[in-house]
1. In region A:140-153, what residues are more than 14 Å from chain C (Cβ to nearest Cβ) and either in contact with a Lys or Arg (Cβ under 6 Å, 6 or more places away or on another chain) or within 25 Å of A:MET189 (Cα to Cα) (or both)?
2. Among the residues of region C:118-159 satisfying the criterion of being acidic (Asp, Glu) and within 24 Å of A:GLY172 (Cβ to Cβ), which is modelled with the highest pLDDT?
3. From the list A:LEU177, A:LEU137, exactly one residue is surrounded by fewer than 24 Cβ atoms within 10 Å (Cβ to Cβ), modelled with pLDDT of 80 or more and either under 15 Å from the mean Cα position of the chain (by Cα) or at the interface with another protein chain (Cβ under 8 Å from one of its Cβ atoms) (or both). Which is it?
4. Could you say which residue among A:GLY129, A:GLY100 is buried (at least 22 other Cβ atoms within 10 Å of the Cβ) and part of a loop (DSSP other than H, G, I, E, B)?
5. How many of the residues in region B:45-76 are among the β-branched types (Val, Ile, Thr), farther than 18 Å from B:ASP146 by Cβ and outside any loop (DSSP other than H, G, I, E, B)?
6. Could you grab me the full set of residues in region A:223-238 that are away from chain C (no Cβ under 12 Å) and under 17 Å from the mean Cα position of the chain (by Cα)?
7. Restrict the check to region A:274-284 and report whether at least one residue is modelled with pLDDT of 80 or more and either closer than 24 Å to A:ALA237 by Cβ or in a loop (DSSP other than H, G, I, E, B) (or both).
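The values are calculated or read from the model by the stated rules, or taken from the named source; none is laboratory data. Bear in mind that the values here come from a model prediction, so they are computed numbers and not experimental data. Don't worry about glycine lacking a Cβ; one is built from the backbone with ideal geometry, like all the others, and counts go over all protein chains shown.
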Amino acid sequence: MTTAAAAPYNIGEIWKFVRLSLIWMGIIFGAVWLVSWVVGAVIPALIDQAAGKDAVLHNLANIIRLLTPLIAVMVFIPINATYMVLAERRGLALLTVRKGPNRVGPDGFLQTGADAVKLLFKENIDPEGSDPLMFTLAPIIFFAPSVFGAIPLLAAVTSDHELFHIVNLPTGIFYVLAMSSIPVVGIVMGGWASNNKYSLVGGLRSAAQAISYEIPLVLAVITVCLLVGTLNVVDIAWLQNPMALAGLDNSPQAAQALQRWESIRGASHMAAPSISSIGVNSLADFGFLNWNIFGGDKFTSYLALLAAGKYTVEAAIFKGLAALLLIISSFLLCGLYLTGACAEINRIPFDLPEAESELVSGYNTEYSGIRFAIFFLAEFTNLFIVSTIAVVMWFGGGSSPFPATLYAPVMQALAGVCGAVNEVLKGIGLPAILEATTLSGAIWAIAKTYFLVYFAILVRGTLPRFRIDQLMDFGWKRLIPLSLILLLTVTFLKELI
Amino acid sequence: MFALVGRSIESLRQVARGLGTVLKHAAREPITKEFPDTMPQLAGHFRGRLALAVNPQTGDHLCISCLQCERVCPDKCIQITSHKSPETNKPELINFKIDHGLCMFCGLCTEVCPTNCIINTNDFEMADYSRESLVYDLKKLTLTQDESAHYYSKKELPMPKPKPKPAAKPAAGAAAAKPAADKPAGKPEAKAEAKPEAKPESAEAKPAAAAPEAKAAEESAAKPAETQAKAEDSAAKAIETQAKTVETATKAEETAAKSGETQQKAEEVLKAAEASTKTEESSEKPEEKTREIDLGRVPAKSDEAAETKAAEEPKKEGEQ
Amino acid sequence: MFNLNDLAHAASAHLEICLFYLTAFIMIPLAYGVLLDRNIIRAGFLLIGVFGGISALFLLLQAQFLAMAQLMIYAVGITLVVVIALMLTNPNLEYEKSVELPQQQLPAFLTSILVFLVLYMSVLSEAWPVRNELPSADNIKVLGTSLLTQYSLPFEFASILLLVALIGAVMLAKSDHFHPGEEILGNESISETEGNENVVKV
């Protein structure tokens, strides 16, 4: 009966998945936005109001403002992981012609919530012969860096919103990478403290793998930093944003912005003719070509100068070839990063540390209850964070893919809506909640990040697991040489274009 | 170097192809069956819980207590309690127990059942809280008339003939003999009721060997008893008495034709056993046998053969 | 608004001192743990904590880049490799009875006092210029410039040293019988190379 009634294509299931994702993303987005607003604007405003001339209370209000990014991330991570687990299971089910969990709540909406409740109520078992301190510490060390490491990205994707400006670190991406290298300590620690052979082997594998694949990963990121000329994630995202580039010449703060642009790019723009000669804002109309995956504004500078007829024929051909090579290199760098990231966070096809078929469950074999839940949470959070890093480094952070002239009306409409909402709130006596630039940036960043997350799910559905020797060969004999070659290539190309 | 680049590009292409293939599968109809909500579409020959069918048309219980299933069961999970009806002088069912905890659903019992009474239903949800509750008794096993009709049509089983005796025998009984007449009258109405009084006499009347054999139906049925009574009995009985192998073969082939008949046949085997109490020997066998084998082999004739037999029966018994 | 650097400006010296003592309060027990813990693998993990604390100190000194490098390379990279090497080589180390040599306790104590005095005196004798102005926010740029201009020679020497060490380690670890064109070595030499491999891992 069911087969007879079934549609030829699986539109029903896909629609269910999309609906589920949209609702969940709305929840995530709304919750984080609301919390940031409450913590960053409403509470300090109320305190300020009540404080009058009390300096201590004003300071308290400021401190609460400073805590906003941390609280926003702390709200974001559990809700986001809740959705990601569900998305992974449902998405994987789609790819493998199954239905996935669809029982708890409408369409399995609350499945992960139920799982989490189950895990929280389970007994915390300390295996015999384990090292209790290390055993408890391991999940925390595994999880905590993902909270702290993600913070600078918050500033990057919200175009350096003033509430998140505090986390705009000059070391930016280096900080994020350093933080994301810590979790492997937790894995090794948990594997060793479990007093279990499988766990120990899982932990050792994880360490070997993470250390091997961190090299190409970091080299890929460093190459992009070299191309862009800064380590600061906010600046990296800013440079790829067509709207920001458009603002370089016709906004009130144009001079300031241009100075900022010059300070980042100035020294690295040796090749003549310079883009400054025809105005940097001419890059804005290239839209997504400004993203680093297409060679960043090096490539669009070339296009703009070519269109302006600034090149001789030979120079145009020569620089065109260089630009082509740069695009290829950038694509390879992105692929290199994604591969390394996949290995770093132990996802299929690099999930040797937790290979179910070989090591039971690897380093978390002995974990149960809330400690296992933390491991689980951290795994998915790490996936999200590496995706966010990729988005910021290669896919333009919170920028829209459209040319600035096309996107400007959208932004205006958005600004109108935001203004209206803020007016309503002002009537009640509350601070503004929406801001067009931040809203657009956050939405685009989430969309792109989830695109990468879904891609990771697709990869998980496709590729089989590496063998440990293949893994090491691939890492040391293929990826590291490739990343070194790319580092060298991009260094030269950057000056040639 | 170039070879390496070529291989890398090739491998990337292959990975991309794999990703594409997997992505395409997202558009496929899921093969998941949401079991408790939508029941699986099971084939008629699915071997699920065992049950006893009744005649879908009349609602008569089809079991003739032949004990074939009990004997063939590899797990010995079937336990039949029956006794010899005093009126009809045939075995009658008292209780039928199947231990589904032991059953391995091989379906052998359904193969041997001459009346297609015991069948495998499509029900497989038998989880229970204790082993004892897995032992199903007659009441639990017997299907309703509607269920029986459902499974008979689903399994494409031939409809059992409405019991011949209620139809044929009253007519015949009026015409002819005495002992034959009260049997059919007693039998269709209630198997258990009539028995107690009738039982003692029938037990004593029978020869020691004939009674159990007759009860155990075709294969083991007492040959001497049957053979002599063959002339009156059905064609099917003739087959069985003369060559069991032939008979089982034909049964397998022509289940359609026979199943209606087999029930009747078995009943008539019983009658034959009774008849044998009266007459010890008969000399007419050989010729008649061959004739009736032919009859039995022709599926189309089986129906009319049964009827003619039913008509003949009382007469011959009367003669004897 | 604030930046983390600005926060350090704005915050009173008290906050910095509080953070310093907090770090010290965590780090010193960890450092003692490294020395005193009989279980060498746990000691290794504690060492990771100590390096993490050092990176926190760098952070307090406004040296973000250095702090991150410390965390990434020392705390996670090198120490973790050491811990893994310990796990691979001598898992029974923790069960070994410590060899008590009472007659060596006094000399050992004196030596350590001496070493401490030497270090302390050398720290005191060196003039450490203290500047009042804070390091600029983009001290990464300054660091990079000076590494590639003023200090490029030591930087290159350091990298060559590391390269040599790496090549040496590879040569030691490499099995000779994989060499094409060379005679296949006997069992003895193979076992020798295997021994060397272990040494390299440690």
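1. Taking region A:140-153 first, the residues more than 14 Å from chain C (Cβ to nearest Cβ) are A:143, A:146-147, A:150, A:153.
Of everything in region A:140-153, those that are more than 14 Å from chain C (Cβ to nearest Cβ) and either in contact with a Lys or Arg (Cβ under 6 Å, 6 or more places away or on another chain) or within 25 Å of A:MET189 (Cα to Cα) (or both) turn out to be A:PHE143, A:SER146, A:VAL147, A:ALA150.
2. To start, the set of residues in region C:118-159 that are acidic (Asp, Glu) comprises C:126, C:133, C:138, C:156.
In the following step, the residues that additionally are within 24 Å of A:GLY172 (Cβ to Cβ) were identified as C:133, C:138.
Values: C:GLU133: 69, C:ASP138: 65.
Ranking the qualifying residues of region C:118-159, first place goes to C:GLU133.
3. Details: A:LEU137 fails: either under 15 Å from the mean Cα position of the chain (by Cα) or at the interface with another protein chain (Cβ under 8 Å from one of its Cβ atoms) (or both).
Only one candidate passes the filter, namely A:LEU177.
4. On the way: A:GLY129 fails: buried (at least 22 other Cβ atoms within 10 Å of the Cβ).
On inspection, the qualifying residue turns out to be A:GLY100.
5. Looking only at region B:45-76, we keep the residues that are among the β-branched types (Val, Ile, Thr), and these are B:54, B:58, B:64, B:72.
Now drop any that are not farther than 18 Å from B:ASP146 by Cβ, which leaves B:64, B:72.
Then drop every residue that is not outside any loop (DSSP other than H, G, I, E, B), which leaves B:72.
Number satisfying all stated conditions: 1.
6. Looking only at region A:223-238, we keep the residues that are away from chain C (no Cβ under 12 Å), and these are A:223-224, A:227-228, A:233, A:236-238.
A:VAL224, A:VAL233, A:ILE236, A:ALA237, A:TRP238 - these are the residues of region A:223-238 that are away from chain C (no Cβ under 12 Å) and under 17 Å from the mean Cα position of the chain (by Cα).
7. Taking region A:274-284 as the starting set, the residues that turn out to be modelled with pLDDT of 80 or more are none.
Looking for residues that are modelled with pLDDT of 80 or more and either closer than 24 Å to A:ALA237 by Cβ or in a loop (DSSP other than H, G, I, E, B) (or both), one finds none in region A:274-284, hence no.
Rundown of residues vs (1) surrounded by fewer than 16 Cβ atoms within 10 Å (Cβ to Cβ); (2) hydrophobic (A, V, I, L, M, F, W, C); (3) in contact with a helix residue (DSSP H, G or I) (Cβ under 9 Å, 6 or more places away or on another chain); (4) away from chain A (no Cβ under 14 Å), yes/no style:
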| site | (1), (2), (3), (4) |
| --- | --- |
| B:ALA27 | yes, yes, yes, no |
| B:CYS66 | no, yes, yes, yes |
| B:CYS73 | no, yes, yes, yes |
| B:ASN95 | yes, no, yes, yes |
| B:CYS113 | no, yes, yes, yes |
| B:THR121 | no, no, yes, yes |
